[in-house]
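Okay, structure first, notes after.
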Amino acid sequence: MNRHTERTISVSYDEHLLKRAARRYWLRSMAIPLFLLAITLLFAAVVSRSELPTIVTPVAWTVSGTIMIGLIYSYRQGMSVATRFAASMDDTTVTLRFSEHGMAVASEMGCGESPWRAYQCIWRYDDMWMIVSWQRYVIVPTDQQDDELRDIIVRGMANRHRREPVCRKCGYDLRGQIAPRCPECGEPFDIDLLEAERKV
């Protein structure tokens, strides 16, 4: 294996950290609805001062109000989820394992592993990085990062769409293998299936 291809850290996902992350996630994921709200409020204000037919004004305010209610609801849901998550755990420690192939998350609530291609982007803040996928994210506080860990994350994200065949168990690069077994860990694999996956 290459040098420093795996790192493990433990992070305390306390309520304060979770709420800060949830607030940031909400702001960035709700950019378009917030923009639409600003436009509809502006339109409603202009229409209410103009001489347009009276039906336009209530419709504009109704649309603005509906968008605002949806935004408030989604914000409260995000904060509620963060609070419930922190309250449901006796031990808020989450173990994060990073490798060149993906990231594993483990806590008292369970564990899971995802390849880098399951994530969309990294949102970098002064106090944390948020590694974001569809409707979820992993928080990596910057005070627990060093150059080596940042390098693993950045390289993993940069190479996330690479389709070279790798062992599903250990991540070993299987290009050029003839025997249908990983030489690193012994996991069997289907050469034809790996080649087809690489071409996708």
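Miscellaneous remarks
- Residues in region 79-113 that are among the hydrophobic types (A, V, I, L, M, F, W, C) and not in a helix (DSSP H, G or I): Met89, Val94, Leu96, Phe98, Met103, Ala104, Val105, Ala106, Met109, Cys111.
- Selection status of Ala38, in contact with a Gly (Cβ under 6 Å, 6 or more places away or on another chain), small (Gly, Ala, Ser), in the same structural domain as Leu149 (by TED's automatic domain parsing) and closer than 30 Å to Ile131 by Cβ: no
- Per-region count, region 84-103, residues buried (at least 16 other Cβ atoms within 10 Å of the Cβ) and either outside the structural domain of Gln144 (by TED's automatic domain parsing) or not aromatic (Phe, Trp, Tyr) (or both): 9
- Hits in region 46-78 - residues which are among the hydroxyl-bearing types (Ser, Thr, Tyr) and either assigned to a helix (DSSP H, G or I) or in contact (Cβ under 8 Å) with a residue 60 or more places away in the chain (or both): Ser48, Thr57, Thr62, Ser64, Thr66, Tyr73, Ser74, Tyr75
The values are calculated or read from the model by the stated rules, or taken from the named source; none is laboratory data. Everything numeric here is computed off the predicted structure, so don't read it as measured data. All Cβ positions, glycine included, derive from the backbone under ideal geometry; neighbour counts span all protein chains shown.
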